[in-house]
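I have placed the structure first, in the form of structure tokens, so that the comments after it can refer back to it.
Just so it is clear, none of the values below were taken in a lab; they were calculated from the coordinates. Predicted model, so just to flag it, every value in this text is computed and none were measured. Cβ sites come from the backbone with ideal geometry, for glycine too, and all protein chains shown count toward neighbours.
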Ligand SMILES: [Fe+2]
């Protein structure tokens with residue numbers, strides 16, 4: 001069974017950046033609830049899990065992706081703060097980091113294993129894609145609606161919808177990790193000679 005300690009170890013670098021202790025605790029709660037519902041037994045399984053079933057992940061796993069997106073969203077925000085002499089919006093770093101860590105938490109339900117041990121779309125995933133199941137997990141553990149918005153609207157479900165500023169950063173960081181893999185698969189990624 002995946003417990004608090006295991007999740008805290010994986011996300012330690014980013015959890016320590018969340019100042020609000022309630023938010024920090026609930027981020028871990030949402031991950032533990034997702035692992036329990038999805039039937040994931042240990043962290044090693046999550047390290048084997050591809051971060052998407054939509055294209056070949058080239059070995060990039062679910063936890064690596066979550067860390068890369070969280071850091072990417074954080075650095076997008078920092079870059080603007082560093083270079084803009086005035087910034088017309090306020091970035092909430094607790095929301096941003098929590099949203100990054102949780103944006104794909106619904107994949108714990110969306111992805112499962114078949115009889116052969118292969119990662120496949122689960123029955124739950126057929127009922128609701130990860131932005132929906134992840135938003136429900138976050139709401140169930142009592143996270144604020146703003147973080148629900150990040151999870152629910154980080155993907156195509158959020159296109160054209162009202163979004164938090166932090167949703168925009170997580171979305172862009174997420175697609176910066178996803179699009180190159182899709183482009184490799186479609187042979188539309190131009191390589192240097
Ligand atoms: Fe993602």
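What the table shows:
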item	result
Residue-averaged 222 nm ellipticity for the chain, from DSSP H runs of 4+ at -39500 (n - 2.57), nearest 500	-19000 deg cm²/dmol
Cα pair distances in the chain, grouped into 10 Å bins until the bin that holds the longest one, percent each	9, 37, 37, 14, 3, 0
The chain, relative contact order in percent, only Cα pairs under 8 angstrom and at least six apart counted	23 percent
Radius, Kirkwood style, for the range 111-193 when every pair of distinct Cα atoms is counted (Å)	14.8 Å
Average projection area in nm² (convex hull over Cα atoms of the range 1-92, one quarter of hull surface)	7.7 nm²
Cα→Cβ-extended label distance, 7 Å offset, between residue 189 and residue 139, nm	3.6 nm
Part-to-part distance (alpha-carbon centres) for the range 74-104 and the range 125-151, which is given in Å	20 Å
Spin-label model distance (nm) - residue 118 vs residue 20, 7 Å beyond Cα toward Cβ	4.2 nm
Spin-label model distance (nm) - residue 48 vs residue 4, 7 Å beyond Cα toward Cβ	2.8 nm
